[in-house]
Amino acid sequence: APQPPAAAPAPMPPPQQPSQNGESNNLSSSVLAAQDPYALMPHEASRYGSIFEQYNVKGDGYVYGKEAVELFSRSGMDKADLGKIWTMVDRPVDNRLDKLEFAMAMHLIVCVSKKGLPLPPGLP
């Protein structure tokens, strides 16, 4: 009796392309996000980086209080909570935010104002 045709091998998924920040968007980052609702995903970090460039008015790699207050206040969050976020991310304290500090602040604001998560007591 003729044999049924062999099943074609399953196509291999394309190799992971590293994102602009050098991290690969792989399964482990998705699994991490499922476990930690505050996890910062690469696409979010990229978006916050673009916003950072718009508010880096002095072109020196920092966003200062005036610009940050203007932007962060748009979230509708309580000013006291915004102050807590600034205090959490401004490490070492220099009263300005570098790109990473800015991304962390933006992400915490989004987690609280858009995702309905509670403001964490501190950063991990």
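The values are calculated or read from the model by the stated rules, or taken from the named source; none is laboratory data. Please read all numbers here as calculations on a predicted model, not as lab measurements. Counting neighbours? That spans all protein chains shown, and the Cβs are built from the backbone with ideal geometry, glycine included. Just so you know, the surface numbers come from the protein's heavy atoms only, side chains and all, with ligands and any DNA or RNA stripped out. Shrake-Rupley method; radii C 1.70, N 1.55, O 1.52, S 1.80 Å.
Going residue by residue through the stretch 85-104, is there one that turns out to be closer than 17 Å to Leu40 by Cβ, in contact with a Ser or Thr (Cβ under 9 Å, 6 or more places away or on another chain), surrounded by fewer than 19 Cβ atoms within 10 Å (Cβ to Cβ) and modelled with pLDDT of 95 or more? No: the stretch 85-104 contains no residue that is closer than 17 Å to Leu40 by Cβ, in contact with a Ser or Thr (Cβ under 9 Å, 6 or more places away or on another chain), surrounded by fewer than 19 Cβ atoms within 10 Å (Cβ to Cβ) and modelled with pLDDT of 95 or more. Across the stretch 45-80, the number of residues qualifying as buried (at least 16 other Cβ atoms within 10 Å of the Cβ) and not hydroxyl-bearing (Ser, Thr, Tyr) comes to 10. Here's a check for you: in the stretch 19-29, which residue that is open to solvent by less than 60 Å² (accessible area, probe 1.4 Å) and under 14 Å from the mean Cα position of the chain (by Cα) is modelled with the lowest pLDDT? So the residue we want is Ser19. Pairing each residue of the stretch 105-123 that is surrounded by 14 or more Cβ atoms within 10 Å (Cβ to Cβ) with any residue that is assigned to a loop (DSSP other than H, G, I, E, B) and acidic (Asp, Glu), provided the two are 6+ apart or on different chains, yields C-beta distances under 9 Å for Ala105/Asp90. Among the residues of the stretch 62-107, those that are among the small types (Gly, Ala, Ser) and part of a helix (DSSP H, G or I) comprise Gly65, Ala68, Ser73, Ser75, Ala80, Gly83, Ala103, Ala105. Of all the numbered requirements in (1) at pLDDT 50 or above; (2) under 21 Å from Leu100 (Cβ atoms), Ala34 misses one, and that requirement is (2).
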